[in-house]
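Encoded as structure tokens, the structure appears first; notes follow it.
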Amino acid sequence: MEKVRANIIQLLQSELGDKNLVAPYRDQVLINISRADFETRLGNLLQQVYRLIEHHHPERPDHLGIVIRDEDARHENVFKIWKSV
């Protein structure tokens, strides 16, 4: 799963742009975004992340935890993309 997560981090970093930080975080993927994006684009970002992962990595051995956090680490949303059946 580590290799899959590393590939997903690289994919998200390239697709989400340089202004967002994508990094490993414990056994999850952390996406840091601006507070304004967190307050206005969170739903769209969640959909974009899900579509990218499903399209590029449809076969995953484990569930994938995603943490989206604002740049001040005051707000965060944690969700899980379930593994392939």
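The values are calculated or read from the model by the stated rules, or taken from the named source; none is laboratory data. Predicted model, so just to flag it, every value in this text is computed and none were measured. We place every Cβ from the backbone using ideal geometry, glycine too, and count neighbours over all the protein chains shown. Heavy atoms of the whole protein, side chains included, go into the accessibility calculation; ligands, DNA and RNA do not. Shrake-Rupley method; radii C 1.70, N 1.55, O 1.52, S 1.80 Å.
Within the range 41-65, no residue that is in a helix (DSSP H, G or I) sits with its Cβ atom under 6 Å from a residue that is modelled with pLDDT of 95 or more and surrounded by fewer than 16 Cβ atoms within 10 Å (Cβ to Cβ) at 6+ positions apart or across chains.
Residues checked against (1) in a strand (DSSP E or B); (2) among the hydroxyl-bearing types (Ser, Thr, Tyr); (3) more than 12 Å from the chain's Cα centre (by Cα); (4) at positive phi:
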{"position": "GLN10", "(1), (2), (3), (4)": "no, no, no, no"}
{"position": "GLN13", "(1), (2), (3), (4)": "no, no, no, no"}
{"position": "ASP18", "(1), (2), (3), (4)": "no, no, yes, no"}
{"position": "PHE38", "(1), (2), (3), (4)": "no, no, yes, no"}
{"position": "ARG69", "(1), (2), (3), (4)": "yes, no, no, no"}
{"position": "ASP72", "(1), (2), (3), (4)": "no, no, yes, no"}
{"position": "PHE79", "(1), (2), (3), (4)": "yes, no, no, no"}
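Of all residues in the range 58-85, exactly one satisfies the criterion of being closer than 25 Å to THR40 by Cβ, surrounded by 11 or more Cβ atoms within 10 Å (Cβ to Cβ) and basic (Lys, Arg), namely ARG69. For the range 20-36, enumerate the residues that are open to solvent by less than 30 Å² (accessible area, probe 1.4 Å) and either closer than 16 Å to LYS80 by Cβ or assigned to a helix (DSSP H, G or I) (or both). Within the range 20-36, VAL29, LEU30, ILE31 meet the criteria.
For the range 46-57, residues that are in contact with a helix residue (DSSP H, G or I) (Cβ under 7 Å, 6 or more places away or on another chain), open to solvent by less than 70 Å² (accessible area, probe 1.4 Å) and not β-branched (Val, Ile, Thr) total 2. Scanning the range 18-40 for residues that are among the basic types (Lys, Arg) and in contact (Cβ under 8 Å) with a residue 40 or more places away in the chain turns up just one, ARG35.
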